[in-house]
Amino acid sequence: MSTTSLVRIATAGSVDDGKSTLIGRLLYDSKEILADQLAHIADVSARRGLETVDLALLTDGLRAEREQGITIDVAYRYFATARRKFILADSPGHVQYTRNMVTGASTADVAIVLVDARAGPTEQSRRHTFIASLLGLRHVVFAVNKMDLVDWDEAAFERIVDNLTDFSARLNLPDVTFIPVSALHGDNVVERGSRCDWYGGPPLLWHLEHLHVASDRNMIDVRFPVQWVIRPQTDEYHDYRGYAGQVAGGVLKPGDEVLVLPSGAKSSIARIETYDGDIAEAFPPMSVVLHLTDDVDVSRGDLICRPHNHPEPVRELDAMVCWMAEAPLRAGARLAIKQTTRNARVVVDELLYRLDVNTLHRDLDADALGLNDIGRVKLRTSAPMIVDAYRRNRATGSFILIDETTNETVAGGMILDRETLPP
Amino acid sequence: MTYELPHLDALESEALHLMREVAAEFERPCLLFSGGKDSIVMLRLAEKAFRPGRFPFPLMHVDTGHTFPEVSEFRDRRVAELGERLIVASVQETVDAGRAVDETGPRASRNRLQTTTLLEAIEEHHFDALFGGARRDEERARAKERILSFRDDFGQWDPRAQRPELWNLYNGRIRRGENGRAFPLSNWTELDVWQYIARERLELPPIYFAHEREVFARDGMLYAVSEHTELLDGEEPFTESVRYRTVGDLTITGAVRSTATTLEDVVSEIAATRVTERGETRADDRVSEAAMEDRKKQGYF
Ligand SMILES: Nc1nc2c(ncn2[C@@H]2O[C@H](COP(=O)(O)OP(=O)(O)O)[C@@H](O)[C@H]2O)c(=O)[nH]1
């Protein structure tokens, strides 16, 4: 059986930039659309009086959205090539849906930002790019769409490249790519376009297939949040004690000395177990069971790391948050926090500023964050938290905030550190 | 050495992580096990997440009474091998007790009734979370469902009021009466499931492989002749070599013509197929474009 790797994509674009058509094209040309789905959208297209099959209908989701004619929630699509399997989080582009884009981008390796070749970069293109960088994506692809409507004019494309290259340089984005496409006609999506000899790069799908994402994860700092302690307490497994979890950073090997936080206990790794047998090393995002050589006290919420490379437990967090609830966030608010496998409570000590995601301007006078606002806060926690800066590790640097009266998830947060403050 | 996980390992790891989170954050979870291929994969994932310990939850089958005998037999044997506890929630009992009424006519199925039995069982056993094997690629309404989703007091799903789900940080808090639905296979495709079954050498009930069966054609699909099905005028039973892509209520689950007798044959047939699993084999989803969405809102799994 062939082995392929997994790549997660987040898409974003303003309404009508052609995002649905582009995704439909990717699915269709990569032969992911099956006969009954195609028959269905052909049928709907005909009923709507369209002459050709509207590929955008493929990504059409729930009934409420179909009725309003807009996508309002993140939807997930799957397609595969011989090299890779792709999970695509399709986030709607409406102004009010920053929270959806943040959600889609939180698990993504790469963002595809749609730009209409006629209009050029808009406020929304910049917002989407900023959100991709804020969420720590290393790769952004600008799909400059509707090139057919500007007669594949190279100069029009280059103006967009220059504009967005300048903008991206202000953000922390190591890998930015531009591809001129026509989603409607399929040029440079899966197949190379025939009307753009001046474009020397690959089509979008080829680019996605060859993107180097393996090194995006932190393979240096060992981080293992304990999820679940396996203690069978049977005669056969009398002394068995395994710490189950998903590796959040670094490479773990038997024999490694480890430090357990927040207790500070030291031990070393006796073995790394999986259902299929012991293994010689574990790295992100593997789920494994660790056995330690000493009988130290370890429970869910603890972090296993190395004695000479570990975060200091803290009670104050400096973070960017994206607020996702109707009722605004103000200083003084009390909320629950979940970070890795740790739950605690927080008080919002200070709202430092609200960030205008279109202009990157900091509003220092803001006294609240509304729905879809992004801002910087200082939080005080009820228990010590063991965190890394989000820039260093997306798994240990992220958290969610929960309203304890409604149980709703009201914010996503990213830990800052002094060296890597955002714009 | 490249530190890149093959996609099946990445999907598996993500599923184990979810299972352990739900086991840790909910008080009384339960895993739905029908004997179908997705739930067979779920059992393997549970073994990988919790062995050598016992599963921190029982298994439950909502039995329509229209289950293929081969599947029931397999279900009981597998549960015995695992040494875990199985609860069978019976639609027949719900009907016998007068809490639900069977549909009538040749196109009757017990799909809707299943919801009543499921909700009763949740209440009886005080389950606060259920693991299900649903995948987002199965159907369009599912494409937007969270990996950890919620149902209200009436078992209803509100697609407009879903919690944001960021990173792999699942918020397992619920109010009394609500319950969570956890879908470890959310990001798997049908092909992933088959490849995983092949890789793990998981045993499947025999109806997943080509076999001779007495069937009849209806609405372009093939259905098993059984005591639970009524033939319409002009429908003639005949014998055909078929296999199933899903196993559910046998009155509404279609078979596909096939000669694939081994797992490898099935995987290559699936890889080459041009029709989705549901489009090909589930009569209940063909009724209306929004059929699935409506049923889910009512508490269908
Ligand atoms: N000419 C042309 N039209 C396009 C192209 N891509 C999309 N469109 C059209 O632009 C409109 C909006 O596309 P859609 O995919 O629904 O946009 P979305 O709102 O971003 O999902 C539709 O009428 C599409 O047919 C393209 O490359 N060229």
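Brief remarks follow.
- Single condition A:Asp295 does not satisfy, out of (1) open to solvent by less than 70 Å² (accessible area, probe 1.4 Å); (2) more than 14 Å from chain B (Cβ to nearest Cβ); (3) free of Cβ contacts under 8 Å to residues at least 60 places away in the same chain: (1)
- Any hit, the stretch B:22-31, residues being out of contact with any strand residue (DSSP E or B) (no Cβ under 8 Å at 6 or more places or on another chain) and assigned to a helix (DSSP H, G or I): yes
- Between A:Pro285, A:Pro311, the distinction of being in a loop (DSSP other than H, G, I, E, B) and within 12 Å of another protein chain (Cβ to nearest Cβ) belongs to A:Pro285 only.
- Among the residues of the stretch A:73-112, those that are within 16 Å of the ligand (Cβ to nearest atom) and at pLDDT 95 or above comprise A:Ala111, A:Ile112.
- Pick from the stretch A:184-201, criterion free of Cβ contacts under 8 Å to residues at least 12 places away in the same chain and away from the ligand (no atom under 16 Å from the Cβ), ranking: farthest from the other protein chains (Cβ to nearest Cβ): A:Asp197
- Any chance A:Val144 is within 27 Å of A:Trp198 (Cα to Cα), outside any helix (DSSP H, G or I), in contact with a Ser or Thr (Cβ under 9 Å, 6 or more places away or on another chain) and away from chain B (no Cβ under 14 Å): no
- Selection of the stretch B:181-194 for residues being within 11 Å of another protein chain (Cβ to nearest Cβ) and either buried (at least 21 other Cβ atoms within 10 Å of the Cβ) or among the aromatic types (Phe, Trp, Tyr) (or both) yields B:Ser186, B:Asn187, B:Trp188, B:Thr189, B:Glu190, B:Asp192, B:Trp194.
- Residue match in the stretch B:154-169 (condition: among the small types (Gly, Ala, Ser), open to solvent by 10 Å² or more (accessible area, probe 1.4 Å) and either at the interface with chain A (Cβ under 7 Å from one of its Cβ atoms) or assigned to a loop (DSSP other than H, G, I, E, B) (or both)): yes
- Evaluation of A:Leu360 against (1) away from chain B (no Cβ under 14 Å); (2) modelled with pLDDT of 95 or more (one fails), failing number: (2)
- Considering the stretch B:137-153, the residues that are acidic (Asp, Glu) and more than 7 Å from every other protein chain (Cβ to nearest Cβ) include one that is least open to solvent (accessible area, probe 1.4 Å), namely B:Glu145.
- The set of residues in the stretch A:120-138 being part of a helix (DSSP H, G or I), open to solvent by 10 Å² or more (accessible area, probe 1.4 Å) and not charged (D, E, K, R) consists of A:Gln124, A:Leu134.
- On the stretch given as the stretch B:42-57, residues that are in contact with an Asp or Glu (Cβ under 8 Å, 6 or more places away or on another chain) and open to solvent by less than 20 Å² (accessible area, probe 1.4 Å) total 3.
- Number of the condition not met by B:Leu130 [criteria: (1) aliphatic (A, V, I, L, M); (2) more than 16 Å from the chain's Cα centre (by Cα); (3) surrounded by 22 or more Cβ atoms within 10 Å (Cβ to Cβ)]: (2)
- B:Ala121 being within 14 Å of chain A (Cβ to nearest Cβ), of a type in the set (A, V, I, L, M) and over 15 Å from the mean Cα position of the chain (by Cα): no
- Neighbours by Cβ (under 7 Å, 6+ apart or cross-chain): first from the stretch B:38-66, more than 8 Å from chain A (Cβ to nearest Cβ) and assigned to a loop (DSSP other than H, G, I, E, B); second open to solvent by less than 20 Å² (accessible area, probe 1.4 Å) and of a type in the set (Gly, Ala, Ser): B:Phe55/B:Ala46; B:Pro56/B:Ala23; B:Phe57/B:Ala23
- B:Glu123 vs. criteria open to solvent by 50 Å² or more (accessible area, probe 1.4 Å) and not in a loop (DSSP other than H, G, I, E, B): yes
- Residue in the stretch A:200-207 that is under 27 Å from A:Gly249 (Cα atoms) and not acidic (Asp, Glu) present: yes
- Of the residues in the stretch B:69-78, not one is part of a loop (DSSP other than H, G, I, E, B) and surrounded by fewer than 21 Cβ atoms within 10 Å (Cβ to Cβ).
- Hey, A:Val176 farther than 30 Å from B:Pro56 by Cβ and within 16 Å of the ligand (Cβ to nearest atom) or not: no
- A:Ala244 meets the conditions (1) part of a loop (DSSP other than H, G, I, E, B); (2) crowded, with 19+ Cβ neighbours inside 10 Å in every case but one. The failed one is (1).
The values are calculated or read from the model by the stated rules, or taken from the named source; none is laboratory data. Because the structure is a prediction, the values reported are computed rather than measured. Virtual Cβ from ideal backbone geometry, glycine too; neighbours counted across all protein chains shown. Just the protein is used for accessible areas: all its heavy atoms, side chains included, with ligands, DNA and RNA removed. Shrake-Rupley method; radii C 1.70, N 1.55, O 1.52, S 1.80 Å.
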